[in-house]
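Written out below as C-alpha cells is the structure these notes cover.
The values are calculated or read from the model by the stated rules, or taken from the named source; none is laboratory data. Quick caveat, the model's predicted, so the values are computed rather than measured. Counting neighbours? That spans all protein chains shown, and the Cβs are built from the backbone with ideal geometry, glycine included. These accessible areas exclude ligands, DNA and RNA; they are computed on the full protein's heavy atoms, side chains included. Shrake-Rupley method; radii C 1.70, N 1.55, O 1.52, S 1.80 Å.
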Amino acid sequence: MAAADYEEIPYPVKEYATRLKEEHARNTSEFFEELVQRSGVDVTANAELVRKIHQQEKQVALQNSRLGFRLFLRNLLILIALAGGIVVLLYLLPLFWNDAPDCGIEQKFAGIAGGAMAVSLILIFFVLRKKIRLLKEQVDEAQKLLNEMIQQASAQMQPLTELFQWDTIASLVMKTLPIVHIDRYFTRERLESLCSHFNWKSDLGANVSIAGCQSGTLNGNPWIIADTFFQDWGMETYYGSLTITWTERVTYTDSDGETHTTWETRVETLTASVDKPAPVYDRVKYLIYGNEAAPALTFSREPNPLSGKGNGFFERRGLKRAIAALEKKSRNMDTSFTIMDNREFDACFNAVDRNNELEFRLLFTPLAQQEMLALLRDKKQGYGDDFRFLKQNMINYVIPEHLQNIDISAPPDLFTHYDLKTLRQNFNSFSNGFFRAFYFSIAPLLCIPLYQQHRNFPDIYDGILDCGAPSDFEYESLANSMDNHEFSPASAITPCILKTQVLNRDEPATQLEVTAHAFYGEERVDYVPVLGGDGHWHNVPVHWTEYLPVSRTTPMAVCETGTSSLQDFAVRFRQDDWQTFFRNWNGTSSKPVLFRRGLIAFLQDR
C-alpha cells in the first residue's frame, strides 16, 4: 500500500463522532446483509419459525408454572399431614404409654388434626400424584417440541453462521479505518522486526503467558495487542483458634453482709493469624506500538482524576493547584522538567518523569496537546481518561481499562443463533463495540500527528507478514486456547502459566513443548503465642498452606493451513494428504484439533 493511500486522522475524537462511528455501523450492517444474501437463508421462513418458537416458549413456561403450583400444593399438604400426624401422636401417647407426658391436647383438636392428615394424604396420593405425573409428561413433551423447533431454526441459519470467519471483524475494522492493518496471526517475522528494528524486549518473563494476541500496523508502524495471564506473589492471611479454660477464685458478699469465696470456671477462645506468601493471578491486555519518532524519549503517565473534572469552582481550583505544583517543579534547577505552555495538558497528562523535553515537545505539538486533552475529557464517544501510557524509546505501551472486557480474537462462534433478527443485533452490537474499543485504544497514538506522519516500517513487508511461521506469542496463545486441564500437573492447586519452547520447525508442522508451571500445597502449622485471660501465654495453632512449584511438559504441534475458513479447512482435512499428515504427526492421539486464524494445533502422543 502506498503512503498516499493512508488517511491521517488529525482530530481523533471528532472524527469518530462525526464520521467513523456511523461509517463503521453502516459497513457492519451492509456486510451482514450481504452475508444473508450469500447464505440463501429464507428470512420469512426463519421469522415464522422463530414466532412459533416464542409461542412454544410461552407454552413451556405456562406448563412449568402449573407444575410448580401443583408441586407447591403437594409440599404444603405434606406439611399439613406431618403436623396432623404429630398432633394425633401426642394425643395418643399418654393413652397407651403411662410414662408419656400429657401435652394437654383435647380430643376435639386431635380429631381435627387427624381429619386434616387424612384429607391431605388422600389429596396427595389420589389427586395430586396423577395430575403432577401428567403435567410432568406435558412439560417434557412441550420442551422436546421446543428443542426440535430450535434445532430446525439453527439448521436454517447454519449456511449463514458458516460464513463468519476469524478475520470477519478485522476486515470490517480495516475497511472503516484504512490507516490500520490487522494480521491474520502474529508471525515470527513481525516479532523479529519489532525486536531488531525497534529494540523491543519480547521476553516478558517466566511468570507471564500469552492468553491471546493480535498484531498489525498503524500507518505502516507495527503494533501488538497482548492478552497476558500472569502470576505474582501476594500475602494470604490464615486464622487459628484455641479454647482455654481455667478456674478463678471469686469473692463476694451476700445480702447478710457475709463474705464468701468460690471457684468459678472461665472459658476463653484465643485467636491468632499469620500472613504467608501465596500466588496471585491476573489478566491484562495492552497495546504495544513501535515508532522511530523521538527515539530517546521515555515517559509514563497514569489515569488522572483531574482529566474528568468539570468547570465548577472546586474542580477549577484543584486544577489550578496541580498547575501551580508543576510550575514550582519546573522552576526547580535540580530537575530537567519544563512545564508546557498548555498548562492544563501538562496537569492532566501528567508525564512529569519525561527525560527529554525537546523530543517530548516534538511529539506533543499544540495540536497533539489539544487532541489529547479532548480524548482525556471525552466520555460520550470514548472512555475518558482510562489508560496508562508508557514510552520507552521507540516502544510505546498503552494499557486501556476498557480493553480488558473485549475478546480481541473475535472468534466466529460468537455469531451463532437460531433467530436471524437476534443474530443481526448481536453481530452489529459486537462489531460496533469492538471498533469503539479498538479505536480508543489506539486513539492516544492518533493524537500525536508525528506518529501518523512518520512511516518507518519497510513497505516491503506489506502483504508478507500476514503469513509465515507463527511467533512464540501465537504458540502460547494457541496453547492457552485449549483446555487447561490438558497441561495441568496432577498435584496442582493453582492455575497454570503455560510457556512454549520450539523443538524443531520441520515442515509441514512445528513441534513444541508446552510446560505448565503451577503450585501444589503442603499443609503447615505455626504456633503463635497469645496471652490468655489466665495470665499465661498459649501457643495458638494456625494452619496454613505453603505453595511449592510443580510443572508438567506436554508435546504439541502447530501447522499452517493456508486458509482462515473453518469450512475450507474441514474439506481439506478429509483429503488423503491431510489424513496421512495426522497419522504421522498425531499418532493415535484422540485429542481434538484446535483451528484458529489459519493455524491448527494439536497435542501429540507422549
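Positive-end ranking of Asn355, Ser307, Ala293 along the dipole of the range 293-395, with charges on Cβ about the Cα centre, is headed by Ser307. Each Cα pair under 8 Å and six or more residues apart adds its separation to the average, and for the range 483-578 the resulting relative contact order is 28 percent. Assign one of three labels to the range 362-411, namely rounded, prolate or oblate, based on the Cα gyration tensor with a ≥ b ≥ c the square roots of its eigenvalues; rounded applies when a/c is under 1.5, prolate when it is not and a/b is larger than b/c, and oblate otherwise. The shape class here is oblate. Count Lys and Arg as plus one, Asp and Glu as minus one, and take only other residues whose Cβ is under 15 Å from that of Val41; the net charge is then -3. For Gln165, the amide hydrogen comes within under 5 Å of no other amide hydrogen, counting only partners 5 or more places away or on other chains and with H modelled in the peptide plane. Amide H contacts of Glu236 (H built 1.01 Å from N, in plane; Pro and chain starts excluded): Lys276, Ala278 sit under 5 Å, all sequence-distant by 5 or more or on other chains.
What do you get when you divide the Cα radius of gyration of the range 327-411 by 2.2 N^0.38 Å, with N the number of residues?
Normalised Rg, Cα atoms only: 1.27.
For the chain, taking Cα atoms only, Rg and Dmax work out to 35.1, 111 Å respectively. Counting only residues at least eight positions apart within a chain, or on another chain, the lysines with an alpha carbon under 28 Å from that of Lys391 are Lys14, Lys201, Lys285, Lys309, Lys320, Lys328, Lys329, Lys379, Lys380, Lys499.
Looking at the range 509-547, none of the chymotrypsin sites (Phe, Trp or Tyr not before Pro) sits in a DSSP loop with at most 14 other Cβ atoms within 10 Å of its own Cβ. 3J(HN,Hα) along the range 85-91, derived from phi through the Karplus expression 6.51 cos²θ - 1.76 cosθ + 1.60 where θ = phi - 60°, amounts to x, 5, 4, 4, 4, 5, 6 Hz, with x in place of Gly and Pro. For the range 187-333, the direction-averaged projected area of the alpha-carbon convex hull comes to 23.1 nm². The shape of the range 56-177 comes out prolate: with a ≥ b ≥ c from the C-alpha gyration tensor, a/c is at least 1.5 and a/b beats b/c.
How big is the gap, in Å, between the Cα center of the range 27-73 and the Cα center of the range 278-295? Computed from Cα coordinates, the inter-centre distance equals 43 Å. Partners of Lys52 within straight-line reach, counting aspartates and glutamates whose Cα lies under 20 Å from its Cα and excluding those fewer than 8 residues away in the same chain: Asp42, Asp140, Glu141, Glu148, Asp419. Could you run the Debye sum over the Cα atoms of the range 395-446, one equal point scatterer each and no solvent, and tell me log10 of I(q)/I(0) at q = 0.17, 0.24, 0.25, 0.29 Å⁻¹, two decimals? Per q value, in the given order, log10 I(q)/I(0) is -0.60, -0.93, -0.97, -1.14. The residues of the chain expose on average 52 square angstrom of accessible surface per residue, using a 1.4 Å probe on protein heavy atoms.
Between Tyr520 and Ile493, Leu548, Val550, the built amide H atoms are under 5 Å apart, and every one of these is 5 or more places off in sequence or on another chain.
Here r is the Cβ-Cβ distance between Thr271 and Ser300 and R0 is 45 Å; the resulting FRET efficiency, rounded to 0.05, is 0.55.
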